[in-house]
Amino acid sequence: MRIALSLSAAAVAALLTAACGQQDADTDAAAQDVAPAETEMADAGSDTPEADGGEADAGPVDLAPEQGETEADENLQEAEAWLAENAERDEVQVTESGLQYEVLEAGPEDGESPSPFDWVCAHYTGELVDGTVFDSSREGGRKPLAYPAAGFIPAWIEALSMMKPGDRWKLYAHPELAYGPEGAGGVIPPNAALVFDMELLGVLNGDDVPRNDQGQPDPDYNCAETL
(Lines give C-alpha, C1' and ligand atoms only; values in the text may rest on other atoms or scores of the structure.)
Protein backbone atom coordinates (compact mmCIF):
# COMPACT_ATOMS: atom_id res chain seq x y z
CA MET A 1 0.00 0.00 0.00
CA ARG A 2 1.68 3.18 -1.16
CA ILE A 3 -0.74 5.67 0.40
CA ALA A 4 0.93 6.19 3.74
CA LEU A 5 -0.30 9.69 4.46
CA SER A 6 -3.24 9.77 6.85
CA LEU A 7 -5.78 12.31 5.63
CA SER A 8 -7.66 14.04 8.43
CA ALA A 9 -11.32 13.08 8.64
CA ALA A 10 -12.51 16.70 8.57
CA ALA A 11 -10.47 17.56 5.50
CA VAL A 12 -11.61 14.45 3.68
CA ALA A 13 -15.26 15.08 4.51
CA ALA A 14 -15.14 18.71 3.41
CA LEU A 15 -13.37 18.01 0.16
CA LEU A 16 -15.51 14.96 -0.60
CA THR A 17 -18.63 17.05 -0.08
CA ALA A 18 -17.32 19.67 -2.48
CA ALA A 19 -16.37 16.99 -5.00
CA CYS A 20 -19.81 15.37 -4.83
CA GLY A 21 -21.47 18.74 -5.35
CA GLN A 22 -19.37 19.40 -8.41
CA GLN A 23 -20.14 15.95 -9.79
CA ASP A 24 -23.88 16.57 -9.42
CA ALA A 25 -23.51 19.92 -11.14
CA ASP A 26 -21.57 18.34 -13.99
CA THR A 27 -24.22 15.63 -14.36
CA ASP A 28 -27.02 18.21 -14.57
CA ALA A 29 -25.08 20.24 -17.12
CA ALA A 30 -24.43 17.15 -19.21
CA ALA A 31 -28.12 16.28 -19.15
CA GLN A 32 -29.02 19.77 -20.42
CA ASP A 33 -26.49 19.46 -23.22
CA VAL A 34 -27.87 16.08 -24.35
CA ALA A 35 -31.55 16.99 -24.19
CA PRO A 36 -31.64 19.33 -27.23
CA ALA A 37 -29.91 16.74 -29.38
CA GLU A 38 -32.46 14.10 -28.37
CA THR A 39 -35.30 16.50 -29.17
CA GLU A 40 -33.89 17.28 -32.60
CA MET A 41 -33.56 13.57 -33.36
CA ALA A 42 -37.19 12.99 -32.34
CA ASP A 43 -38.43 15.87 -34.49
CA ALA A 44 -36.45 14.61 -37.46
CA GLY A 45 -37.80 11.07 -37.10
CA SER A 46 -40.61 11.54 -39.63
CA ASP A 47 -38.13 12.61 -42.28
CA THR A 48 -35.99 9.47 -42.09
CA PRO A 49 -35.87 7.04 -45.03
CA GLU A 50 -37.67 4.41 -42.95
CA ALA A 51 -40.60 6.76 -42.37
CA ASP A 52 -40.92 7.29 -46.13
CA GLY A 53 -40.64 3.60 -46.87
CA GLY A 54 -37.08 3.88 -48.13
CA GLU A 55 -33.94 2.11 -46.97
CA ALA A 56 -31.96 3.35 -44.04
CA ASP A 57 -28.49 4.73 -44.60
CA ALA A 58 -26.07 2.10 -43.28
CA GLY A 59 -23.25 4.64 -42.79
CA PRO A 60 -21.93 5.42 -39.31
CA VAL A 61 -23.77 8.10 -37.37
CA ASP A 62 -21.99 10.11 -34.68
CA LEU A 63 -24.67 10.84 -32.12
CA ALA A 64 -22.36 12.30 -29.47
CA PRO A 65 -19.79 15.09 -29.55
CA GLU A 66 -16.18 14.04 -29.46
CA GLN A 67 -15.04 13.27 -25.96
CA GLY A 68 -12.29 15.64 -24.83
CA GLU A 69 -9.20 14.63 -22.98
CA THR A 70 -9.82 12.84 -19.72
CA GLU A 71 -9.28 14.61 -16.44
CA ALA A 72 -6.13 12.54 -15.89
CA ASP A 73 -4.70 13.56 -19.28
CA GLU A 74 -5.43 17.22 -18.70
CA ASN A 75 -4.00 17.11 -15.18
CA LEU A 76 -0.83 15.42 -16.46
CA GLN A 77 -0.25 18.14 -19.02
CA GLU A 78 -0.84 20.84 -16.42
CA ALA A 79 1.42 19.09 -13.91
CA GLU A 80 4.30 18.77 -16.35
CA ALA A 81 3.97 22.39 -17.48
CA TRP A 82 3.93 23.58 -13.86
CA LEU A 83 6.93 21.45 -12.91
CA ALA A 84 8.91 22.57 -15.96
CA GLU A 85 8.45 26.20 -14.94
CA ASN A 86 9.20 25.45 -11.29
CA ALA A 87 12.45 23.71 -12.23
CA GLU A 88 13.77 26.98 -13.66
CA ARG A 89 13.99 28.55 -10.21
CA ASP A 90 17.58 28.79 -8.93
CA GLU A 91 16.80 27.29 -5.53
CA VAL A 92 15.20 24.14 -6.98
CA GLN A 93 17.32 21.06 -7.57
CA VAL A 94 16.21 18.22 -9.83
CA THR A 95 17.24 14.59 -9.43
CA GLU A 96 17.64 12.03 -12.20
CA SER A 97 14.14 10.69 -11.53
CA GLY A 98 12.64 14.14 -11.99
CA LEU A 99 12.02 14.81 -8.30
CA GLN A 100 12.37 18.51 -7.56
CA TYR A 101 13.35 19.79 -4.14
CA GLU A 102 14.68 22.82 -2.35
CA VAL A 103 16.40 22.91 1.02
CA LEU A 104 14.57 25.09 3.54
CA GLU A 105 16.65 24.13 6.59
CA ALA A 106 19.72 21.92 6.93
CA GLY A 107 20.44 19.63 9.86
CA PRO A 108 23.90 18.62 11.14
CA GLU A 109 26.16 17.44 8.33
CA ASP A 110 27.29 14.40 10.33
CA GLY A 111 23.76 13.01 10.53
CA GLU A 112 22.90 9.73 8.83
CA SER A 113 20.19 9.36 6.23
CA PRO A 114 17.58 6.67 6.94
CA SER A 115 17.90 3.35 5.15
CA PRO A 116 14.88 1.62 3.59
CA PHE A 117 14.80 -0.62 6.66
CA ASP A 118 14.53 2.26 9.14
CA TRP A 119 11.48 4.03 10.44
CA VAL A 120 11.36 7.81 10.33
CA CYS A 121 9.86 10.51 12.50
CA ALA A 122 8.73 13.39 10.31
CA HIS A 123 6.47 16.40 10.07
CA TYR A 124 4.89 17.17 6.72
CA THR A 125 2.33 19.29 4.92
CA GLY A 126 0.95 18.16 1.56
CA GLU A 127 -0.51 20.59 -0.96
CA LEU A 128 -1.82 20.69 -4.48
CA VAL A 129 0.04 23.10 -6.74
CA ASP A 130 -2.72 25.69 -6.24
CA GLY A 131 -1.90 25.79 -2.52
CA THR A 132 -4.78 23.61 -1.33
CA VAL A 133 -3.63 21.67 1.75
CA PHE A 134 -4.88 18.08 1.63
CA ASP A 135 -3.05 16.78 4.68
CA SER A 136 -0.72 17.98 7.42
CA SER A 137 0.80 16.51 10.56
CA ARG A 138 1.25 20.06 11.82
CA GLU A 139 -2.46 20.81 12.18
CA GLY A 140 -5.24 19.71 14.49
CA GLY A 141 -2.97 18.74 17.36
CA ARG A 142 -1.59 15.77 15.46
CA LYS A 143 1.69 14.10 16.31
CA PRO A 144 4.65 13.77 13.92
CA LEU A 145 4.41 10.84 11.55
CA ALA A 146 6.16 7.60 12.53
CA TYR A 147 6.37 5.19 9.60
CA PRO A 148 8.75 2.87 7.70
CA ALA A 149 10.99 4.81 5.33
CA ALA A 150 10.19 2.39 2.50
CA GLY A 151 6.43 2.66 2.96
CA PHE A 152 5.83 5.99 1.27
CA ILE A 153 5.25 7.26 -2.25
CA PRO A 154 8.38 7.27 -4.48
CA ALA A 155 9.02 11.00 -4.01
CA TRP A 156 9.28 10.59 -0.26
CA ILE A 157 11.37 7.43 -0.44
CA GLU A 158 13.90 9.14 -2.69
CA ALA A 159 14.00 12.35 -0.65
CA LEU A 160 14.40 10.55 2.67
CA SER A 161 17.32 8.57 1.28
CA MET A 162 19.14 11.90 0.83
CA MET A 163 17.90 13.81 3.88
CA LYS A 164 19.48 13.86 7.29
CA PRO A 165 17.81 14.46 10.66
CA GLY A 166 17.09 18.16 11.03
CA ASP A 167 16.66 18.72 7.29
CA ARG A 168 13.53 20.44 6.09
CA TRP A 169 12.90 20.26 2.37
CA LYS A 170 10.15 21.27 0.02
CA LEU A 171 9.41 18.52 -2.51
CA TYR A 172 7.74 18.96 -5.89
CA ALA A 173 6.55 15.58 -7.08
CA HIS A 174 5.60 14.54 -10.59
CA PRO A 175 2.46 12.36 -10.61
CA GLU A 176 4.60 9.31 -11.39
CA LEU A 177 6.42 9.93 -8.10
CA ALA A 178 3.18 10.51 -6.20
CA TYR A 179 -0.25 8.90 -6.68
CA GLY A 180 -0.36 8.66 -10.48
CA PRO A 181 -3.56 8.44 -12.54
CA GLU A 182 -5.57 6.97 -9.66
CA GLY A 183 -5.20 9.91 -7.28
CA ALA A 184 -5.85 9.18 -3.60
CA GLY A 185 -8.40 9.49 -0.84
CA GLY A 186 -10.87 11.39 -2.98
CA VAL A 187 -8.91 14.59 -2.30
CA ILE A 188 -5.89 14.14 -4.58
CA PRO A 189 -6.96 14.32 -8.24
CA PRO A 190 -5.64 11.86 -10.84
CA ASN A 191 -2.20 12.77 -12.18
CA ALA A 192 -1.80 15.69 -9.80
CA ALA A 193 1.61 17.20 -9.15
CA LEU A 194 2.08 17.56 -5.39
CA VAL A 195 4.08 19.82 -3.10
CA PHE A 196 5.32 18.61 0.30
CA ASP A 197 6.96 20.56 3.09
CA MET A 198 8.77 17.73 4.86
CA GLU A 199 10.97 17.83 7.95
CA LEU A 200 12.94 14.77 8.98
CA LEU A 201 13.00 14.88 12.77
CA GLY A 202 14.90 11.67 13.26
CA VAL A 203 15.42 7.99 12.51
CA LEU A 204 13.59 5.37 14.57
CA ASN A 205 13.90 1.71 15.41
CA GLY A 206 10.61 0.26 14.26
CA ASP A 207 10.62 -2.28 17.10
CA ASP A 208 10.32 0.59 19.58
CA VAL A 209 7.23 2.10 17.96
CA PRO A 210 4.02 1.23 19.85
CA ARG A 211 1.22 -0.23 17.70
CA ASN A 212 -2.55 -0.29 17.94
CA ASP A 213 -4.75 -3.39 17.61
CA GLN A 214 -4.47 -3.21 13.81
CA GLY A 215 -0.68 -3.20 13.94
CA GLN A 216 -0.46 0.43 12.88
CA PRO A 217 1.59 3.03 14.79
CA ASP A 218 -0.31 4.33 17.81
CA PRO A 219 -1.73 7.75 16.81
CA ASP A 220 -0.99 9.06 20.30
CA TYR A 221 2.67 8.15 20.02
CA ASN A 222 4.87 11.24 19.78
CA CYS A 223 8.05 10.04 18.11
CA ALA A 224 9.71 13.44 18.54
CA GLU A 225 9.79 12.91 22.30
CA THR A 226 11.92 9.78 21.90
CA LEU A 227 14.69 11.33 19.82
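The values are calculated or read from the model by the stated rules, or taken from the named source; none is laboratory data. Everything numeric here is computed off the predicted structure, so don't read it as measured data. We place every Cβ from the backbone using ideal geometry, glycine too, and count neighbours over all the protein chains shown. In case anyone asks, the SASA skips ligands and DNA or RNA and just uses the protein heavy atoms, side chains included. Shrake-Rupley method; radii C 1.70, N 1.55, O 1.52, S 1.80 Å.
Extension gain, Glu105 to Ala224: 0.36 nm times the residue separation minus the Cα-Cα distance gives 41.1 nm. Counting 0.36 nm for each residue step from Val92 to Asn212 and taking away their Cα separation leaves a gain of 39.3 nm. Computed across the stretch 85-140, the Kirkwood radius stands at 14.3 Å (inverse of mean 1/r, all Cα pairs).
Take every pair of alpha-carbon atoms less than 8 Å apart whose residues are at least six positions apart; their mean separation over the length of the stretch 145-227 yields a relative contact order of 28 percent. Above 17 Å, the calculated P(r) of the stretch 182-222 contains 59 percent of its Cα-Cα pairs. Normalising by residue count, the stretch 83-210 has a Cα convex hull of 121 Å³ per residue. Within the accessible area of the stretch 131-214, the carbon and sulfur atoms contribute 47%, probe 1.4 Å, all protein chains present. Its Cα centre serving as origin, the stretch 167-227 has a Cβ charge dipole (Lys and Arg +1, Asp and Glu -1) of approximately 280 debye.
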